Ligand SMILES: [Zn+2]
């Protein structure tokens, strides 16, 4: 028995099919006996295999050694990785918050003042409208959304 990766002409659907031999495949293909399982098209051909040459050379080593719970390759962004990164950022923010100064609605102005050197560097958190946040990003000012729930001091009475 031999397995071929096939694809149909109509929809380029890829599927595997088993044949007694390579000749058997050619015979069935010629007689239109092989049908695409997706669309039923009987015009099928062997699928072009992805080129493997250079695959090793293209691998980038970003972290060594790689432990099992780290992503295997650069660009491999799994939902678990996103969750972990978000959790790490949230934990870092929770650590930073006690040292951070609440500036409330003045956040955008305060962040801009620090960025432009008009105010000493400080760790601040506060509120910004989506427009203000976008304007900060446009100006290259690093402001991150807070991932940990906080109670604005002026809301506590
Ligand atoms: Zn098909």
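Some points to look at:
- Radius of gyration and Dmax over the Cα atoms of the stretch 86-157, both given in Å: 12.3, 36
- Calculated FRET efficiency, residue 94 to residue 38, Cβ-Cβ distance, R0 = 35 Å: about 0.10 to the nearest 0.05.
FYI, it's all coordinate maths here, none of it is from the lab. What you see is a predicted model, and the numbers here were worked out from it, not measured in a lab. No Cβ is skipped: glycine too gets one built from the backbone with ideal geometry, and neighbour counts run over all protein chains shown.
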